[in-house]
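Everything on this sheet refers to the single structure shown next.
The values are calculated or read from the model by the stated rules, or taken from the named source; none is laboratory data. If you're wondering where the values come from, they're calculated on a predicted model, not measured in any experiment. Positions of Cβ are generated from backbone atoms using ideal geometry, with glycine treated the same way; all protein chains shown enter the neighbour counts. Just the protein is used for accessible areas: all its heavy atoms, side chains included, with ligands, DNA and RNA removed. Shrake-Rupley method; radii C 1.70, N 1.55, O 1.52, S 1.80 Å.
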Amino acid sequence: MRFDDVLDEIGGFGRYQKWVFFLTLGPNLLAGFIMLNPVFLLGIPEHSALLPNDSLREACSKWVYDLSVFTDTFASEHNLVCDKEIQVANAEMIFYGGMLVGSLASGIFADVYGPLELTSSSKRAWPGVISDFPYVLGLILMAVVAYIVREWFKLQLYTSLPGLLFLSYWWQVDTRISPLAANQGPKCMDDMDTDKTASFLQLFSSKKMCKTTVIVFVNWTIVAMTYFGLALNSDNLAGNLYLNFGLSAAVEIPAYFLVIYLVDRIGRRWLFTGSMLVGGLACASTVLAIEYEPGGGDAIVVALAMLGKLFITAAYSTAHIHSAELFPTVIRNAGMGGASLFASLGTMGEQLGGIWGEAFPLVVFGALAFLTGILSLALPETLGKNLPETVEDGERFG
C-alpha cells in the first residue's frame, strides 16, 4: 500500500496525530514572540545630537533620545545612530541569518529522524493552517508586552524564557513512530518502497523536478521578503508603532480563515496566485496615496499596507501547504528545508528598502509579489491528489 492509502485507511488524523499537533502549538506561539522582536529590540528612537558649546567633535557620540516610544533599546543603549546605524541592519541580518542556518540544518535532521507528513491527503490542509493561529497570538502578545515593557533586555527575557517549557516534552514528539500509533505501525515507513539514496540534489534530477524546485524556491524567497518586510516596516508607517504592529498581526487572523475556506475549494495554485496578486497591488498602490493625497495619505498607506499583509500572509500559508505536496516523500524534507533556506534569504533581503522611508519598500514588495504570483501558475495543482512518494512520482506529477 502507498503511505497515503495507509493514512486514509486509519482515518487520516487519529489520536497520535492530534497529540503531536497539540504539542506543536506552544512552540508556534513562541515563534510569534521571537521572529519579529527586532522591531522593538533594535528600534531607533527619535534623537538629536548633544553638542558641547566649544566643539563639534562629539556630534556622533552623545545623543538625547525621545523616551515616548521606547525607554531604551539595544540601538539607543549602544548609540547605533548616525554613521553607526548600519549596524542595526547588520544585527537584523545576523538574526535572520541564524534562521537560514537553522532551516538548512532542520531539513537535514528531518530526513534522518522523521517524516514530515502525518495526515492523509483529505485532511492535510487545515492542521497546517490552524497551527498558524498560536503564531499570530504570539505576535499580538508581543505588541502588548512590548508596550508595557519598554526596556529591550527585559523584553528579550520575557519573550524567550517560555521556550524552556517546551523543551520539557520534546521526547513526546517522536515522528519515527507510525501515525497508526499501534503495534503494527513502526514498520510502516521502513517497509515503503522508497529510494534510500534520495538527496537534495535529486530535487534537480530532471527538467520537471528542477522547474518545480526553482519556482518553489523563488516563491518562498519573495513571499518571505514581502511578509517580513511588511511586518518589520511597521516602524516606518505613520501613527503609533505598537498599534501598527498589533494591527499588522491581527490581519493575519482573517488571512488564515480565508485559506481554510478556499484552499480546498479553488485549490492551492489559484489561492497562492490570487493572494500574491491582490497583496502585491495593495502594496504597490501606496505610492498613489502619497502622490495624490500628500496631506491625508498616511491613513490610506497604513490601510493598504494592512490589506497587503493580509493577502501576503494568506499566500505564505498556502505556500507551506502547496510546496509540501509538490515534493516527493523521499525528498520532501530536503525540499522544504531548501524552501525555508531561501525564505531566510528573502527575509534578510527585505532590508533593501528600509532606508527609503514609508512607501518605497511597499512598492518593491508589491511588484515582486505580483510577478511571483504570475510565475506560480507554472506549478501543478495538488488539491485532492495523492502525494508523490518517489522521485519518479514527482517527475510524473501533474
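Candidates are the residues of the range 246-282 that are open to solvent by 10 Å² or more (accessible area, probe 1.4 Å) and among the β-branched types (Val, Ile, Thr); the one that is nearest to LEU375 (Cα to Cα) is VAL278. For the range 259-295, the set of residues classified as modelled with pLDDT under 85 and closer than 19 Å to LEU307 by Cβ consists of THR286, VAL287, LEU288, ALA289, ILE290, GLU291, TYR292, GLU293, listed by residue number.
Taking each residue of the range 203-217 that is modelled with pLDDT of 90 or more and looking for partners that are among the aromatic types (Phe, Trp, Tyr) and surrounded by 18 or more Cβ atoms within 10 Å (Cβ to Cβ) with beta-carbon atoms closer than 7 Å, six or more apart or interchain, yields PHE217/PHE342. Report, ordered by the first and then the second residue, all pairs with beta carbons closer than 6 Å, sequence separation of six or more or different chains, a first member in the range 83-94 that is of a type in the set (D, E, K, R), and a second member that is in a helix (DSSP H, G or I) and surrounded by 13 or more Cβ atoms within 10 Å (Cβ to Cβ). Matching pairs, first to second residue: GLU92/PRO38. Among the numbered conditions (1) over 24 Å from PRO45 (Cα atoms); (2) free of Cβ contacts under 8 Å to residues at least 60 places away in the same chain; (3) surrounded by fewer than 21 Cβ atoms within 10 Å (Cβ to Cβ), the only one that LEU304 does not meet is (3). Could you give me the residue pairs with C-beta distances under 6 Å whose first residue belongs to the range 359-374 and is in contact (Cβ under 8 Å) with a residue 60 or more places away in the chain, whose second residue is β-branched (Val, Ile, Thr) and open to solvent by 40 Å² or more (accessible area, probe 1.4 Å) wherever it lies, and which are 6+ apart or on separate chains? That search, which allows pairs on different chains as well, returns ALA359/VAL287; ALA359/ILE290; VAL363/VAL287. When the range 82-109 is filtered for residues that are farther than 30 Å from PHE200 by Cβ and either touching an Asp or Glu at 6+ places or on another chain (Cβ under 7 Å) or buried (at least 19 other Cβ atoms within 10 Å of the Cβ) (or both), only VAL88 remains. Of GLY353, GLY346, GLY366, which residue is open to solvent by less than 10 Å² (accessible area, probe 1.4 Å), assigned to a helix (DSSP H, G or I) and at pLDDT below 80? Within the list GLY353, GLY346, GLY366, the selection yields GLY353. For the range 22-44, the tally of residues that are β-branched (Val, Ile, Thr) and not in a helix (DSSP H, G or I) stands at 1.
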